[in-house]
Structures are given as C-alpha cells and as structure tokens.
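The values are calculated or read from the model by the stated rules, or taken from the named source; none is laboratory data. Just so it is clear, the model here is predicted, and its values are computed rather than measured. In this analysis, Cβ positions are derived from the backbone assuming ideal geometry, glycine residues included, and neighbour counts consider all displayed protein chains. Calculation scope for accessible area: heavy atoms of the full protein, side chains included, ligands and nucleic acids excluded. Shrake-Rupley method; radii C 1.70, N 1.55, O 1.52, S 1.80 Å.
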Amino acid sequence: MNAVPAAQQTDGLVNWATGLMETLGAPGAGLAIALENLFPPLPSEVILPLAGFSASRGDISLFAALLWTTLGSVAGAFLLYWAGALLGRERTLAVARRIPLLKPSDIERTEAWFARHGTKAVFFGRMVPVFRSLISVPAGVERMPAATFLTLTTLGSLLWNTLFVLTGYALGENWHAVSGYVSMYSKAVVAVIVVAVVGFVAVRTVRYRRGDG
C-alpha cells in the first residue's frame with residue numbers, strides 16, 4: 001500500500017533532473033550526478049541518458065553533457081574520498097570495535113585486499129552501482145594518493161558516462177528505454193551485496209555462538 005509505483009518514482013526523478021538542466025544547463029546534469037554519488041539511490045542510468053537526450057534536442061551541447069557529468073562524478077567521489085581521509089585508519093578501527101560481529105581483523109583484511117587491488121577497484125568501481133560510491137571511502141581511509149584517485153575516477157567515470165550519455169543521444173525520445181535494462185543490472189548488484197552481508201552476518205553469528213568469534 002505504501003510503495004510508490006516505480007514509474008512515478010522515475011517520473012519524479014526525471015522532472016527533478018530536467019528542472020536542474022533547464023535552470024543550470026549542463027552544470028545541472030553535473031550537479032545531479034554529483035548528488036547520485038553521494039546518495040546512491042539516485043540512479044545515474046536515468047540522469048545520464050536524459051542528459052544525452054537533452055543534447056540531442058540542442059538544449060545543451062554533447063561535449064558539455066560529457067564534461068559536466070564527468071566533473072560531477074569526480075566531485076561527488078572526491079567528497080567521499082575526503083570523508084574517508086578525515087575518518088582515517090584509527091577511527092575506522094575504533095568504529096569496527098563498536099559494531100557487533102565486526103572485528104578489527106576484518107578491517108585489516110580489507111586493507112590488505114585494497115593494497116593489492118585498490119587501483120583496479122577504484123577504476124572499475126565507477127561502473128558498478130552503489131559500489132562506485134562505497135569504494136571512494138576506503139580509498140580515502142587508506143590514503144591512496146589523491147592524484148591517483150582522481151585520475152582513476154576520472155577515467156572510469158568518463159567511460160561509464162560516455163556510454164550512457166551517447167546512448168541517450170542516439171535514442172532521442174526513446175532515451176528512457178536504456179534505464180530498464182540498467183535498472184536490472186543495478187538490482188542484481190544490490191542483491192549480491194545484500195546476500196553477501198546476510199551471509200557474513202549468518203556465518204559470524206554461528207561462530208560467536210560456538211565460541212569461535
């Protein structure tokens with residue numbers, strides 16, 4: 001009874017993003033994408049093709065759409081990187097000690113993984129919903145060099161944004177067709193994350209009950 005139909009949610013987002021672009025032009029698309037990085041429920045698969053459609057109508061230039069959406073991606077990601085850097089390793093460990101079922105050793109294993117795969121994670125993470133926001137925080141916590149982070153984020157964001165802006169540009173009035181396919185991809189990613197979290201909690205709970213925690 002309380003669920004707002006998906007079509008209404010999408011229409012609301014489209015109206016909001018359209019309003020930003022009508023008011024601010026291409027920078028409005030950039031602002032929408034920056035907010036999408038900070039608030040992952042805002043789907044880039046709607047905003048980016050819409051920016052491409054706006055470019056196809058001549059409301060904004062295609063170059064401006066690509067430039068500003070990429071700048072927005074980088075700005076949003078860097079704010080999360082900065083938040084991770086402010087949090088730092090010691091505070092992260094302190095927080096871990098206060099979270100039930102989570103142990104400092106979990107953070108240490110994550111650090112070891114990031115040391116080996118951090119550059120790939122930051123680059124390819126820009127193409128994975130939800131993960132593209134999350135990966136910026138450990139990059140900041142682990143103090144990945146800012147220049148490296150910004151370069152990887154810019155390249156990954158440019159690739160992802162170009163794909164969807166150009167798709168919206170090519171589809172024109174049918175730009176919204178792409179959102180349905182990518183929405184399934186996004187839901188699959190979220191489902192994998194949920195299953196992983198539930199699995200972690202279940203295994204850790206069993207270990208604690210057995211006294212192995």
Gain in length, Arg143 to Ser61, computed as 0.36 nm per residue apart minus the alpha-carbon separation, to one decimal in nm? 25.9 nm
Please arrange Arg89, Arg116 by accessible surface area, largest first, computed with a 1.4 Å probe and ligands excluded. Arg116, Arg89
Would you mind calculating the gained length between Arg97 and Leu134 on full extension (0.36 nm times residue separation, minus the Cα-Cα distance), in nm to one decimal? 11.3 nm
How do Glu108, Glu173 rank by accessible surface area computed with a 1.4 Å probe, from largest to smallest? Glu173, Glu108
Ranked highest first by average number of other Cβ atoms within 10 Å, how do 137-150, 65-78 line up? 65-78, 137-150
Efficiency by 1/(1 + (r/R0)^6): what FRET value for Leu86 and Val195, r their Cβ-Cβ distance, R0 = 22 Å, to the nearest 0.05? 0.10
Contour excess over end-to-end distance, with Cα ends at Glu22 and Ala202 and 0.36 nm allotted per residue: 60.0 nm
